[in-house]
Structures are given as C-alpha cells and as structure tokens.
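Before we start, here is the structure in question, set down as structure tokens.
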Amino acid sequence: MSAALPVICEQPFAPERTPAYARWRERKLAGYPRRAEDLIVEVRDPRNLSEAEVREIQRVCRAANMAVYASPLAGLADKDIALRLGARLGLTRLHANPLADEDGISSLETTPEKAAAGFIPYSNRRLLWHTDGYYNPPGEHIHAFILHCVRPAAAGGENRLLDPEIAYILLRDADPEYVRMLSAPDAMTIPAHAADGVELRPAQAGPVFSVHAGALHMRYTARTRSIEWRPDPTTRAAVQFLNRVLEADSPYVFSLRLAGGQGLVCNNVLHDRSAFTDDPAPGRGRLVYRARYLDRIAEGGAR
C-alpha cells in the first residue's frame, strides 16, 4: 500500500489535485521539444533496433508522446518494419480494423472503392484532426500506433501533430472546467454506423480524456456531421477552444511530411493529414503502413 501511495498522490489528471498537476506540468513543459526536427531519431534498420536506438526513441516519446524514426529503407514494402519495431518498444497487442490487411496492418494508399465508400484514409483527400480509434468501445481504445512511410506522395500528404498531454495542459490552463467536462462519460458520442439498413457499429459514448494505468488517453475527432457533443455551454466552449488551438500557429503543433523509410511512433497523438497528389506511374503512389495497438510505448526510464 505504501509503495502505491506516491503514485496516487501524484496523479496530475485528477481535477482536485492542483499541486500534483502543477508539478507535472512544470516537468512536462521544461523538457518539451521545440520543433519537429527534435522528434527525429536516426536508425540503421527499424526491423532490428539497437539498444541505443530503442532508448533514444523512448526518451523522445517520454517527452512528447511521439518520435519519428528515419531509416535508409525508402521504398522497401516490408510490413515487418512496423511489427518488429513495435515489438521492440513494447507494442504487442495489435488491433486490426475491418479494412486492415489479413496480418492486421493497414496499407494506406489511394483505393478508389474504399474511398467511394467514405473511408478517407484510403483517398487522397485531407484528413481532419483526430486520434485513432475514437469510435472504439472502451476495451478497444487505441493507445499507440505506428505509421511507416514506404513511399511519400508526389506532393502534399503532410501531417500536423499535437501531444494529447499538451492539449490537456492548454485546456486546463484556460479553464479547469474544460477538462472536467471533457472527462465526462458522455462528453462525446459517435452515432451508430449503418450500411444498407444494417448496423455495423453501435453508438459509442465516452469521455475525451480518460486515465489508464496513470497515463492520459484522448479520443477526439474534428468531424462535425457524425459527432454528438454533450449539450452544455462549457463542453461547447471547450471544443471551440480546442479547435482554435489546433488551427492556430501554435509552437506545440508540429508539422512534417514523412519521407520514404521514415515513420511515426506515438501514444495515439492528435494528427491530421493534408490532401495529396500521387505520382501517376503504376506502383509509385503514396504508401504508408499503419499498425494500431492496445498498448502504450514502453517508457524505458523515468519521466
């Protein structure tokens, strides 16, 4: 009991624990990266990371909940890159969605039939801000994902990234009631998804912010047509504030365009993607492998 007590007392995400939050906030911001380039870790082969490479990726992820690895494997279409890198970082519980390949990895490339069905990741259209799996039930929350770029688009396809812990800080500093209301169990509801009169996914209500094993988790989407927010003024104000943060020129929002051989590994950070243009030559279009996990990245050391 005594060993667990400091963890409970230092829980920074409980609204009533203001001193613990203040200490955590100070540590978080003191070591935060200043630019997207600070996220990049050079690796020789992401399928066989060295101990030093693992430690460096973990260090960057401890600071920002994300890291970008850069390797010389541009153009190599090998799904083991994501799987083996993930395993070295403690990511073992792969979560496959219905559109994933048989091995649970999603091959994100322009696919007309999937795009026509409304699945934007398989089109060249822009993706709005979101966290992955925001429509999943609680037992299937996505806690981490990897995006490995085999081939970038000919033009466009940039990502913007925001650490959910930074989003939490900005909201709580603006008004503690914002995070309190966004932590309500009915803060955000994703309506049921049906096709041809058949319900494929039931409605899913849940909080935006929740805590799992002491770590902050966020579920969010900037979509408006298929989202039901809790109908109270404070929740609406919190959502509007967050939208302004995401669209402002914030020093905490990192912009980058993954090159071939590069990948993003993260604890399900907020992200979007700009529209892009593919190279018209066969086999030259944008290809990104996506692996989603029910685990968080292994810390590998103290914060």
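The values are calculated or read from the model by the stated rules, or taken from the named source; none is laboratory data. Note that the coordinates shown come from a computational prediction; the quantities given were computed from them, not determined experimentally. Cβ sites come from the backbone with ideal geometry, for glycine too, and all protein chains shown count toward neighbours. Surface areas here come from the heavy atoms of the whole protein model, side chains and all, with no ligands, DNA or RNA. Shrake-Rupley method; radii C 1.70, N 1.55, O 1.52, S 1.80 Å.
When the residues of region 197-216 are filtered to those that are at pLDDT below 90 and in a strand (DSSP E or B), which remaining residue is surrounded by the most Cβ atoms within 10 Å (Cβ to Cβ)?
Among residues in region 197-216 that are at pLDDT below 90 and in a strand (DSSP E or B), the one surrounded by the most Cβ atoms within 10 Å (Cβ to Cβ) is Arg201.
So the check is Cβ under 8 Å with 6+ separation or different chains; which pairs have a first residue in region 94-115 that's more than 19 Å from Ala77 (Cβ to Cβ) and a second one that's open to solvent by less than 50 Å² (accessible area, probe 1.4 Å) and in a helix (DSSP H, G or I)?
That search, which allows pairs on different chains as well, returns Ala115/Tyr122.
Still on this structure, I have one more. Report, by residue number, each residue of region 217-236 that is open to solvent by 80 Å² or more (accessible area, probe 1.4 Å) and not charged (D, E, K, R).
Selection gives Thr224, Pro231, Pro233.
From Ile142, Ile105, Ile81, Ile120, grab the single residue that is closer than 19 Å to Leu256 by Cβ and of a type in the set (Val, Ile, Thr).
Ile81
Still on this model: Would region 21-32 turn up any residue that is over 22 Å from His271 (Cβ atoms), more than 18 Å from the chain's Cα centre (by Cα), surrounded by 18 or more Cβ atoms within 10 Å (Cβ to Cβ) and of a type in the set (Ser, Thr, Tyr)?
Within region 21-32, one or more residues are over 22 Å from His271 (Cβ atoms), more than 18 Å from the chain's Cα centre (by Cα), surrounded by 18 or more Cβ atoms within 10 Å (Cβ to Cβ) and of a type in the set (Ser, Thr, Tyr).
Is it the case that Pro15 is modelled with pLDDT of 95 or more and either of a type outside the set (A, V, I, L, M) or open to solvent by 40 Å² or more (accessible area, probe 1.4 Å) (or both)?
no
Hey, another quick one. Please work out which one of (1) modelled with pLDDT of 95 or more; (2) not in a helix (DSSP H, G or I) is the condition Ser2 fails and give its number.
(1)
Which condition from (1) open to solvent by less than 30 Å² (accessible area, probe 1.4 Å); (2) touching a Leu at 6+ places or on another chain (Cβ under 6 Å); (3) at pLDDT below 95 is the one that Val179 breaks?
(3)
Go through (1) among the hydrophobic types (A, V, I, L, M, F, W, C); (2) out of contact with any His (no Cβ under 8 Å at 6 or more places or on another chain); (3) not in a loop (DSSP other than H, G, I, E, B) and name the single condition Ile297 misses.
It is condition (3) that Ile297 fails.
Test Ala63 against the stated conditions and say whether it is within 24 Å of Ser255 (Cβ to Cβ), without any contact (Cβ under 8 Å) to a residue 40 or more places away in the chain and either touching a Phe, Trp or Tyr at 6+ places or on another chain (Cβ under 8 Å) or aliphatic (A, V, I, L, M) (or both).
Yes, satisfied.
Okay, next question. Give the residue, chosen from Gly118, Gly90, that is among the small types (Gly, Ala, Ser) and in contact (Cβ under 8 Å) with a residue 24 or more places away in the chain.
Going through Gly118, Gly90 in turn, just one is among the small types (Gly, Ala, Ser) and in contact (Cβ under 8 Å) with a residue 24 or more places away in the chain: Gly90.
Hey, could you check region 74-95 for residues that are under 29 Å from Lys28 (Cβ atoms), among the small types (Gly, Ala, Ser) and in contact with a Leu (Cβ under 9 Å, 6 or more places away or on another chain) and say which is surrounded by the fewest Cβ atoms within 10 Å (Cβ to Cβ)?
Once the filter is applied, the top-ranked residue is Gly86.
Now, a different point. Where residues in region 34-73 are within 19 Å of Leu216 (Cα to Cα) and open to solvent by 10 Å² or more (accessible area, probe 1.4 Å), which of them is farthest from the chain's Cα centre (by Cα)?
Among them, the one singled out is Arg59.
I'm trying to understand the selection: among the residues of region 265-285, which are open to solvent by 20 Å² or more (accessible area, probe 1.4 Å) and either out of contact with any Ser or Thr (no Cβ under 7 Å at 6 or more places or on another chain) or within 26 Å of Ala167 (Cα to Cα) (or both)?
Across region 265-285, the qualifying residues are Ser274, Ala275, Thr277, Asp279, Pro280, Ala281, Pro282, Gly283, Arg284.
Out of region 46-60, which residues are out of contact with any Pro (no Cβ under 8 Å at 6 or more places or on another chain) and touching a residue at least 24 places away in the same chain (Cβ under 8 Å)?
Listed by number, the residues that qualify are Pro46, Arg47, Asn48, Leu49, Val54, Arg55, Ile57, Gln58, Arg59.
Taking Ala155 as the residue in question, decide whether it is open to solvent by 40 Å² or more (accessible area, probe 1.4 Å), of a type in the set (A, V, I, L, M, F, W, C) and under 16 Å from Ser274 (Cα atoms).
Spelling it out, Ala155 is indeed open to solvent by 40 Å² or more (accessible area, probe 1.4 Å), of a type in the set (A, V, I, L, M, F, W, C) and under 16 Å from Ser274 (Cα atoms).
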